[in-house]
Each structure stands twice: as structure tokens, then as C-alpha cells.
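Okay, structure first, notes after.
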Amino acid sequence: MGRFHWHDSTNLLRKLTWRRAFNALQVWSSYRLSRLLNRPIQWGYPVSLSFEPTTSCNLRCPECPSGLREFTRPTGMLQKSFFEKTIDEIHRELLYLIFYFQGEPYLNPDFLKMVRYAADKKIYTATSTNAHYLTDAKAKETVESGLDRLIISIDGTTQDVYQQYRVGGQLNKVLEGARNMVKWKKELNSKTPIVVFQFLVVKPNEHQLNEVKQLAKEVGVDDVWFKTAQVYDYANDPNQLIPTLGKYSRYRKNADGTHTPKNKLLNHCWKLWHANVITWDGLVVPCCFDKDALHRLGNLQVQSFKEVWQNDNYRQFRKELMTSRKNIDICSNCSEGLKVWED
């Protein structure tokens, strides 16, 4: 099982307008030209964008700053009016909108109203959830919102294994939420959202890969994705999370027992050209690896998005990335461009 799903892919393509296609061509061309000339050139606006509904979370996952309550930035909720204002500015170019950065999206009471707002503008929408709030009513509302893809984190097929990473979580709630989604898709005769079980492969659960595929079939979800885990202290791996199965690990084990990232960190990154992240309070950061929003490239409370996208901070960050990416802290543990399935 993989990340290609026929209906999901055709659904995404149906969102493509001539303006969005031309914007994507501009972005791709400027990225290729930047690599050729070895200097940053940026045309167009993001093809994909991540909006953070909230930094709050109900779980305590050991490698998540939201779960560990380790943020230096404030916890809060994305306001619907601010979200709509930003979307109004960029929706003609934007193809793909991810309602996730840190936190649990369903904790924001206006989350599905914001999904509906984006869906009405024919933007492809996706989110990731721990599924503890997918009640029968909320599942129905999710299908009706127009959400295109729902990723459900399920990092174990038994409670004892699941809770080793999803600390404080209940597997039975996850499965109940997934079944509610499958039920309401059928009841409402809807092909969306595509419902995906995402299995974060860590050492405690790596023996359950086949079991989660079988569980997905029993529940009736559309697909299973295996995801490699980011470990902050990867050299020592204090929580013993790095899997022994090399193809599911972002890290290579050294002779002395320590680990190093597989990524060679070449001086380019496609993500910096076609996507970015907006925190709940309007900070624009380079990508999802800047979880604490340390690299603040702009603030949408005082600037428009298009002003930020082309400002001096963004230009300087792209320039640094193309000259000395290894010196950028958030890049040191990056999986962008890494072949997940290599041994």
C-alpha cells in the first residue's frame, strides 16, 4: 500500500484551474532556474499551504513539542475571520491546503467551518487527526464539510503498543472514529474524504505492519500509509523509537551504536519554493520542520501574504539554504527528498 490513490489523485486534478496550473508552472520553473544558476529566484505563489488550526493537543506523544508542552510560542486557536481573509487573498493560485501543523485540528470549534470555506473555493483540503473527537455527529459534519483527505494516526494495532507512542490515547476511540467516517461516507454517498490510516513506524510497533493493513481492511478505510519518524535526539535515541527495519528509518546506525540522518542535505529544497506554513496566530515559517516557529519570515497580522512571500526575509532564507543548508538548524533533521523505502 502506498501514497497513490486513483480517486484521490483525480479529485486533486479536478481542482486545477488554468490560473493554478500557470502558477504551478511558474513556481517549478523558478525552482529549476534557481538550481541551475545557484541563486534563489521565486516566481508565483505557493501551490500548497499548511494552516495550523491550533497548538493544543489531547495526547502526550514523546517526539511532539505540542504533546510535550515544550513550545516557546503561545498556545491558541486559529480564528475563522483571519483564516478567511488570508484564503481570500491567495485562493486563486492555491491548489492544496493542509489543515495541520501542530496540535489536534478538531479541538478548534470552527475547524470544519474553515474546511467548508476552502472547499467552496475549490481548494483541495486535507488534515491529520488522532481521531479521538470523531464522534458520529462530527464524522457526519466532516463528510459534509467537503474535506478531501482525512489522515488518521494509528501507530499500533493493540492498545499496549499504540499507547507507547500515542501517550494518553485510546485505540478503541480511534477505531470508532474511523468506523464513523466509513459509515457516513456510505450514508451520504460521498467519495470524500479519502480516509487513510497513517502508521508512524517506530521500534515498539514495527512488528505490526501487516496487522495494520488487515485492520484497515476490516474497518473499511481507503488506504494505509507508513511514515518514518522524526527523532530529535537521533544520535542517542533515548526513547528507543528508531526502528530496526532500515527502510522505515530516517537514520542510519553507526558502528558505535549511534545514529546519523540518511539525508545528505544538498543545498536545495523544493518545499521552500512551492509550500509554506502559517501558524494559528499568523506567523509565516518556512516549513513543517520549524515546529516552534523560530524562523519567522513574516507576520500576516501586519502584512499581506503576497508581501511576505516576496519579502527580504524570505529571499535571505532561500539564499542561505542554497549556500549552506547544513547550517540551518531546522534542516538538520529534514526528510525532504529522502527516499523512505531505501535500506
- [ ] Scan segment 212-228 residue by residue and report those that are surrounded by fewer than 21 Cβ atoms within 10 Å (Cβ to Cβ) and of a type in the set (G, A, S).
- [x] G220
Open item on the list: Six or more apart or on different chains, Cβ atoms under 9 Å: show the pairs whose first residue is in segment 129-140 and touching a residue at least 60 places away in the same chain (Cβ under 8 Å) and whose second is assigned to a helix (DSSP H, G or I) and among the β-branched types (V, I, T).
Closed with: N130/V174; H132/V174
Open item on the list: With the requirement that a residue be of a type outside the set (S, T, N, Q), open to solvent by 40 Å² or more (accessible area, probe 1.4 Å) and in contact with a Leu (Cβ under 8 Å, 6 or more places away or on another chain), what does segment 287-324 give you?
Closed with: R296
TODO: State all residues of segment 325-336 that are open to solvent by 40 Å² or more (accessible area, probe 1.4 Å) and either out of contact with any helix residue (DSSP H, G or I) (no Cβ under 9 Å at 6 or more places or on another chain) or not charged (D, E, K, R) (or both); if no residue qualifies, say none.
DONE: K326, N327, D329, S332
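Okay, residues lined up against (1) assigned to a loop (DSSP other than H, G, I, E, B); (2) surrounded by fewer than 16 Cβ atoms within 10 Å (Cβ to Cβ); (3) in contact with a strand residue (DSSP E or B) (Cβ under 9 Å, 6 or more places away or on another chain):
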{"residue": "K173", "(1), (2), (3)": "no, yes, no"}
{"residue": "M181", "(1), (2), (3)": "no, no, yes"}
{"residue": "F197", "(1), (2), (3)": "no, no, yes"}
{"residue": "P204", "(1), (2), (3)": "yes, no, no"}
{"residue": "N210", "(1), (2), (3)": "no, yes, no"}
{"residue": "T260", "(1), (2), (3)": "no, yes, yes"}
Open item on the list: It is to be established whether one or more residues within segment 155-165 are more than 28 Å from F226 (Cβ to Cβ) and at pLDDT 95 or above.
Closed with: no
Task: Answer residue from segment 150-163, given it is more than 22 Å from the chain's Cα centre (by Cα) and in a helix (DSSP H, G or I) and is surrounded by the fewest Cβ atoms within 10 Å (Cβ to Cβ) among those - done: D160
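The values are calculated or read from the model by the stated rules, or taken from the named source; none is laboratory data. For clarity, every value in this text was computed on a predicted model and none was experimentally measured. Cβ atoms come from the backbone with ideal geometry, glycine included; neighbour counts cover every protein chain shown. Accessible surface is based on the protein model in full, side chains and every heavy atom, while ligands, DNA and RNA are left aside. Shrake-Rupley method; radii C 1.70, N 1.55, O 1.52, S 1.80 Å.
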